[in-house]
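Comments concern the structure below.
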Amino acid sequence: MILVNFLKYIYKYKIFKRFSPSLLRKTKKKVIVKLYNFKILVSLSNSIEREIFLEEFYDKDRFIFLDKYFKNHNFNYFIDVGSYIGYYALYCYHYKKIPNVIAFEPNIYNFNKLKENILLNNSKINIFNFACSDNESEGQIWYNNINKTGGSSILKPNDYEIKKYPSSDISKLSVKLKRLDSFFENLSNQLIF
């Protein structure tokens with residue numbers, strides 16, 4: 001852990017911005033990062049999670065927007081579709097105090113990380129392991145980098161996005177698909193984000 005902390009410390013110096021993440025990736029360690037007022041377990045072998053560890057935030061511009069937006073609105077529900085490891089869900093539940101947070105993550109590996117982070121924080125976040133779709137069936141999600149499973153899409157027959165990548169780079173995972181609108185029929189009078 002001393003090496004991990006040292007690499008995080010030297011990361012703030014421009015000369016080490018590329019060097020430090022490369023070494024951290026090779027450690028394959030998992031560490032807990034404290035953000036806002038929640039904790040999140042991250043794997044240093046994953047580029048997104050490594051960035052969370054090094055920068056102590058992710059998607060900073062989106063969180064600046066959310067902070068401004070949430071100041072003027074009191075939401076009853078926050079719906080996190082594609083929750084990954086729970087970064088947004090935990091932020092909304094613990095930091096913004098939205099009472100009902102519901103997270104969907106179709107990738108079983110990410111879902112298990114999400115579940116671990118929910119337990120780590122004693123959160124009362126409802127989590128579901130399926131992909132949100134316009135139908136109820138079985139399907140596949142795909143991503144172009146096995147180390148970046150935070151960004152996936154449901155595989156569709158004429159998916160133009162997938163054609164941008166060499167087929168050898170594409171990973172697929174079978175998942176359950178469910179209709180999101182049928183899941184929330186009883187929430188018609190609620191303020192949802």
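The values are calculated or read from the model by the stated rules, or taken from the named source; none is laboratory data. For clarity, every value in this text was computed on a predicted model and none was experimentally measured. Please note: Cβ atoms are built from the backbone with ideal geometry, for glycine as well, and neighbour counts cover all protein chains shown. Side chains are part of the model used for accessible areas, which takes the heavy atoms of the whole protein and leaves out ligands, DNA and RNA. Shrake-Rupley method; radii C 1.70, N 1.55, O 1.52, S 1.80 Å.
Summary of computed values
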item	result
Only listed residue being open to solvent by 30 Å² or more (accessible area, probe 1.4 Å) and either closer than 30 Å to LYS26 by Cβ or touching a strand residue (DSSP E or B) at 6+ places or on another chain (Cβ under 8 Å) (or both), chosen from ASN121, ASN144	ASN144
Output for the range 106-118, where each listed residue is in contact with a Ser or Thr (Cβ under 7 Å, 6 or more places away or on another chain) and open to solvent by 10 Å² or more (accessible area, probe 1.4 Å)	TYR109
Residue count for the range 88-105, restricted to those that are over 21 Å from GLN140 (Cβ atoms) and either open to solvent by 10 Å² or more (accessible area, probe 1.4 Å) or among the acidic types (Asp, Glu) (or both)	9
Of residues in the range 124-141 being open to solvent by less than 30 Å² (accessible area, probe 1.4 Å) and of a type in the set (Val, Ile, Thr), the one nearest to LYS172 (Cα to Cα)	ILE141
Residue in the range 10-30 that is modelled with pLDDT of 90 or more, aliphatic (A, V, I, L, M) and closer than 28 Å to PRO99 by Cα present	no
Residue ranges of helices (runs of 4 or more DSSP H) in the range 1-75 with at least 3 members hydrophobic (A, V, I, L, M, F, W, C) and under 19 Å from HIS94 (Cβ atoms)	60-71
